[in-house]
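Report on one structure; see the data block that follows.
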Amino acid sequence: MNTQDQTHRPFFRKTLYELKILSAEVDLPHGTILNIIDELSFRRTQAADQFRKQLALKFKIRGEIKRKNPKSNTRIADRRYKNRSLEDMEELFYRNKGKPSKNGRRTIKYILHELEYRNTKRSRYLKNEITIYTTLNAPGIILTPKEKELVRLRELGSSVEELRLRFNLSRQKVNQIFHKLQSLGKWGDDDIKSIEDELKMADLKTQLSLLTKATKKNIFDDYKSGHSDSLLIKNHNLSKKILSLLIENEIQIGKLNRRLKILNLKKYKKNTELYIDIERMVKAGYSREKIASILGVTTSMVSIHFSVMANRNFYVSSKYRGSYDIDLIEYRSKIITQMNNNKFTKKQIASELGISVHGVQRHINLHLVKY
C-alpha cells in the first residue's frame, strides 16, 4: 500500500479487537471516532459491519461513512481486482511473472495492491511470493536462477545451513549472495546480521564436532571438579565460545549441571591440611570443645568443619555429627541445582527457598560441592 493510502487509513494495521479497545476510551476526539468508523467500512466481515453500526448509533453519527479515494497520480490506487478470487489472482500472477512486458508488470502491481486488503494465510503467502519476485527481478539485480531460488527460500524462513546443504554451496558463497543484494539496497541489514550469526554458529558447531569423546569427557570431569573457564581453555586448548557452547549443550540435555562453585586450589590445599589435623584429633578421641580451643575457633565453626569433612569423605565419628533434616536437604539441593542450571542468581534462589544468600552458599558448600 502506498504512503498516501496509509495516511488516509491511519488504523489500517489495527485489528478489530484493538479498534474496540480504542473506541472504549474516555474523551475520544470526534475525528478519531470518524477514522475508526471509516476504517471499519473497508472491512468485509460481519463483525466489522456490526461494530461500525454500533459506533454510529453510540456517537450519533448520521449517514454512512463512505470511502474517499486518496489522490494519486498512479492508476494503482483503484482496487481493480476487488471482485477477483484469490485463485484467480494466483493464476494471473503465475501467468504473468515470466513476462517482461509492461502489461505483465502492471498486472502484478494490481494484484499486490489488492492483497494489501486481504488478511488470510493464503493471501499473505501470495503477497510474500510476489514481493520476493519483484525484489529479485528489479532493475540492476543480476542473479542466476539458482541464486534467486536460494533467496526466495530464505525469505520463506529457511536457515542458512538448510540452504547450503540443499544447493551444495559453501557458507561464504551464501553470505556473498545476500551481501550483493544488500549493496543494491534490496536486502535488510537485520537479516544480514542474522545470517552472519548463523554462519558463526555453524562454524562453532563444526569445530565442536571435531572434539573426540575422550576430550569431551576430560573437559566435563574438570568442569565438575570446579576448574575455572580460563583454566579449562588453557588446559584443553579451546576458545571461550567453543567451551561455552559445549557446556550449554550438555546442560540443556540434562547430562551436566551448571557449576555451583569455582575451585580455589590454594584454599582447597589449605583446608585439606586442616581437615587432616582435625581427623587425627577425632581419632585420638578429642572432644568438640578441645578441638575448638586448639584451633582457636568456636564450637559452631568446628561443627561446620565436620560437615564439610563428612562431605569430602574424611573420618568423622557419628557422635560429632549433628542431626539433619534429610528431606529438607534433598529438597533444597534439588531447587538450587535446577535454578542454577537455568541461570538464576543466588539472590533469586534464596528468595525461592525463603533463606538468606549466605544460607544458599552454606548449603552449596556443605551438601553440593565435593571440594
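Can you tell me which residue in the stretch 1-17 is modelled with the highest pLDDT, limited to those that are within 20 Å of Thr131 (Cα to Cα) and of a type in the set (A, V, I, L, M, F, W, C)?
The selected residue is Phe12.
Go through the stretch 244-261 and give me each residue that's touching a Phe, Trp or Tyr at 6+ places or on another chain (Cβ under 9 Å) and assigned to a helix (DSSP H, G or I). Break it down stepwise before answering.
Residues of the stretch 244-261 touching a Phe, Trp or Tyr at 6+ places or on another chain (Cβ under 9 Å): 246-247, 250, 255-256, 259, 261.
Once the filter is applied, which keeps residues that are touching a Phe, Trp or Tyr at 6+ places or on another chain (Cβ under 9 Å) and assigned to a helix (DSSP H, G or I), the stretch 244-261 yields Leu246, Ile247, Glu250.
If you check Val297, Val316, Val360, which single one turns out to be more than 30 Å from Ile219 (Cα to Cα) and modelled with pLDDT of 85 or more? Talk me through it step by step, then tell me what you get.
On the way: Val316 fails: modelled with pLDDT of 85 or more; Val360 fails: more than 30 Å from Ile219 (Cα to Cα).
Checking each option against the conditions leaves just Val297.
Name the residue that is modelled with the lowest pLDDT, counting only residues in the stretch 246-284 that are aliphatic (A, V, I, L, M) and under 30 Å from Lys205 (Cβ atoms). Before you say what the answer is, go through the steps one by one.
Quick first cut of the stretch 246-284, residues aliphatic (A, V, I, L, M) only: 246-247, 251, 253, 256, 260, 262-263, 265, 274, 276, 278, 281-282, 284.
Subsequent filtering for residues that are under 30 Å from Lys205 (Cβ atoms) retains 246-247, 251, 253, 256, 260, 262-263.
Values: Leu246: 89, Ile247: 89, Ile251: 87, Ile253: 86, Leu256: 87, Leu260: 85, Ile262: 84, Leu263: 81.
Among those that are aliphatic (A, V, I, L, M) and under 30 Å from Lys205 (Cβ atoms), it is Leu263.
Scan the stretch 35-43 and give yes if some residue there is at pLDDT below 80 and part of a helix (DSSP H, G or I), otherwise no. I'd like the intermediate steps shown before the answer.
Within the stretch 35-43, the first condition is being at pLDDT below 80, and the residues that meet it are none.
Among the residues of the stretch 35-43, not one is at pLDDT below 80 and part of a helix (DSSP H, G or I), which makes the answer no.
Working only within the stretch 345-357, note down all residues that are within 27 Å of Asp222 (Cα to Cα) and either assigned by TED's automatic domain parsing to the domain that holds Ala310 or surrounded by 16 or more Cβ atoms within 10 Å (Cβ to Cβ) (or both).
Lys346, Ile349
Filter the stretch 338-363 for residues that are among the β-branched types (Val, Ile, Thr) and part of a helix (DSSP H, G or I) and give the result. Before you say what the answer is, go through the steps one by one.
Within the stretch 338-363, the first condition is being among the β-branched types (Val, Ile, Thr), and the residues that meet it are 345, 349, 355, 357, 360.
Answer for the stretch 338-363, where residues must be among the β-branched types (Val, Ile, Thr) and part of a helix (DSSP H, G or I): Ile349, Val357, Val360.
Considering only residues of the stretch 212-229 that are touching a helix residue (DSSP H, G or I) at 6+ places or on another chain (Cβ under 8 Å) and of a type in the set (A, V, I, L, M, F, W, C), which is farthest from Val369 (Cα to Cα)? Outline the logic, then answer.
Taking the stretch 212-229 first, the residues touching a helix residue (DSSP H, G or I) at 6+ places or on another chain (Cβ under 8 Å) are 215-216, 218-220, 222-223, 227, 229.
Applying the additional criterion that residues be of a type in the set (A, V, I, L, M, F, W, C) yields 219-220.
On the way: Ile219: 18, Phe220: 15 Å.
Residue satisfying both the conditions and the ranking: Ile219.
The values are calculated or read from the model by the stated rules, or taken from the named source; none is laboratory data. Quick caveat, the model's predicted, so the values are computed rather than measured. Neighbour counts are summed over all protein chains in view; Cβ atoms, including those assigned to glycine, are modelled from backbone coordinates with ideal geometry.
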